[in-house]
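Quick note: the coordinates plus some simple rules give every number you see, no bench work behind them. These numbers come from a predicted model, not from an experiment. FYI the Cβ positions are ideal-geometry reconstructions off the backbone, even for glycines, and counts take in every protein chain you see.
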Amino acid sequence: MIFRAVLMTAHYRKVTAAINNSLEFITAESRTFNWPNAGFEFEFSGTSAEVYVDTAQPIDSTAYNMVYFNAAVLDENDEVISVNRMALKNGWNTIYTSSAADKVKIMLVRSSEACRGTIRMSKIRTDAAPSAAAPRQKQIEFIGDSYTAGFGNSPELSEATYYCAQNTDNWNSYTGFVARHYKADNTVIAYQGKGVCVNVGGDSTETMSQQFNYSDIVVPSKNMSTRETWNFMKYRPQVVVVWLGTNDNTGMSKAGIENPTQYFQDNYVKLLENIRAKYPFASIICCSRTNWGYPEQVTAAVEQMGGEAKRFYNLRLTSFKASSFGHPNVEEDKAIADELIAKIDSIRDVWHTVDIGSDETVSIIANYNTGVINVIGKTPEPGDQVAVYVLHHGETEFSADGAAYID
C-alpha cells in the first residue's frame, strides 16, 4: 500500500491540523502534546491512518502508565461513530482502519495526564488525501486541576488499585461530556495538584495562573515542555470554565500564608483579569465545590469582576461527588457536566449568535469575538438588500448597525 505522508502542524491547545498533501515523506519539527485533550483532527476518505511518535516517555514501563490517547471517528454531522483508546509508542501507530473508504473525520486527543508520561509527535500518513478539519463554531476552554483533567475517573480500565494513566480518561471527564453536548471545540488547561497561587504541596512553582499562559504544560520532571507563550489569537472560546481552589485550600497551611482566604481571592481576581484580557468577550464561568476550595472567595471574586453584567458567572457544583481515588468517576463527571450545561444554557447569547430573521431581507450577523459572519435566512444574491447586524457584547442589547446591498 502506498501511503501519503503529511506534515502535521497541530496547535498545542486547539484540536486542529494544517495538512500538507504532498506524496513525499516530509519530516517535521516534533511537537509536544501534553495538555489533556491536546491533539489534532483531519478529514479524509480512506481506509488507513497512522501517526508518528518521535518520543513517548511514560514514567515507567508498565501498562498502567503508558501515554494514552483517544482516536475518535466522527461523521459529517460531528456524531461520534467510534472511540478507540490506545497507548501510543515510539514510531508509527495505527489510529484508524476501515474496510470502506467512507468520508470521516479523525480526531486524536490526549486521554491521560502529562505527569504520567509525555509525548512528541510530528506527522501522520494516510492512504487518501486528507484535509484540515474546519474549526467548530462553538468553542470552550476549561481551566482547572485534577478534577478537570479526569484524574482516576475510570478505574474499570485498569487493574491498578491506585491512580495511574490507564484509569484516567479526559474524554470521559465532565469537559468531554460538555464539549460533545454542544459539538464544540474544547481546550483543557489542567494539571493535577496545581492551584491558582499555591499548589497542593505548599509551593508556588508553575501554578495554573502561570501555566495558563503557556503553549503546552510545563512538566518539571520531563525535558519535553517549554515555556513558549501561547498565541491567544489562535483560539477564541465563547465560554471559559474555571474550576480551581481545591489545591490552594490544601496547600495554604503548608505555605504559611498569612490571611490565606484574602490571598486566594486577590490572586483569583488576577487570574480572571488575565483571562478577560485574553478573551474580551467570553462568558467566564467560575466553578467551586460547596464546602472546599474557597467557594466564598470565588463568589466574591466574581462579584469583584462585575458579575453577570460583565459576563462573569458563579457556579457552586452541588452535584459534586468523588468516589474514585478522591475524584469523580465517569457517572459523577456526567452529573457535573449536566449542571454546567444547565448554567451555560441560562446565559443569554452565550455562543454570540442571534437569529434575528426576516422574510424579506437577509440578516447578516458579524461576530466581534470570532470574526465569523453568520448569514441567517437565504443566501444573499446580487441585488438583495440585507440587514447588517454587529453583535455588541456588554450590557446593552444587540443593535442593527445599518443595511447594505450585495453587489
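Of Ser158, Ser324, Ser146, Ser173, the sequence from fewest to most neighbouring Cβ atoms within 10 angstrom is Ser158, Ser324, Ser146, Ser173. Between Asn291 and Asp75, the simple label model (points 7 Å from Cα in the Cβ direction) yields a spacing of 4.6 nm.
Using the Cβ atoms and a cut-off under 9 Å, what net charge is assigned to the surroundings of Phe177, where Lys and Arg are +1 and Asp and Glu are -1? It works out to a net charge of 0. Residues whose amide H falls under 5 Å from that of Phe33, counting only those 5 or more places apart or on a different chain, are Ile119, Met121, with hydrogens built in the peptide plane. With θ taken as phi - 60° and the Karplus curve 6.51 cos²θ - 1.76 cosθ + 1.60 applied, the whole-hertz 3J(HN,Hα) list for the range 336-345 is 4, 4, 4, 5, 5, 4, 4, 5, 4, 5 Hz, x standing for glycine and proline. Computed extension length for Ala322-Asp345: 5.8 nm, one decimal, from 0.36 nm per residue of separation with the Cα-Cα distance subtracted. Using the Cβ of Lys103 as centre and a radius below 12 Å, the other residues enclosed give a net charge of -3, where K and R count +1 and D and E count -1. The range 247-330 has equivalent-ellipsoid semi-axes of 23, 19, 11 Å, by the square roots of 5 times the alpha carbon gyration tensor eigenvalues, sorted largest first. Near Phe281: Cβ cut-off under 9 Å, other residues only, Lys/Arg at +1 and Asp/Glu at -1. The net charge is +2. Annotation: amide H of Thr55 within the under-5 Å range of Arg120, sequence separation 5 or more or interchain, hydrogens built in the peptide plane.
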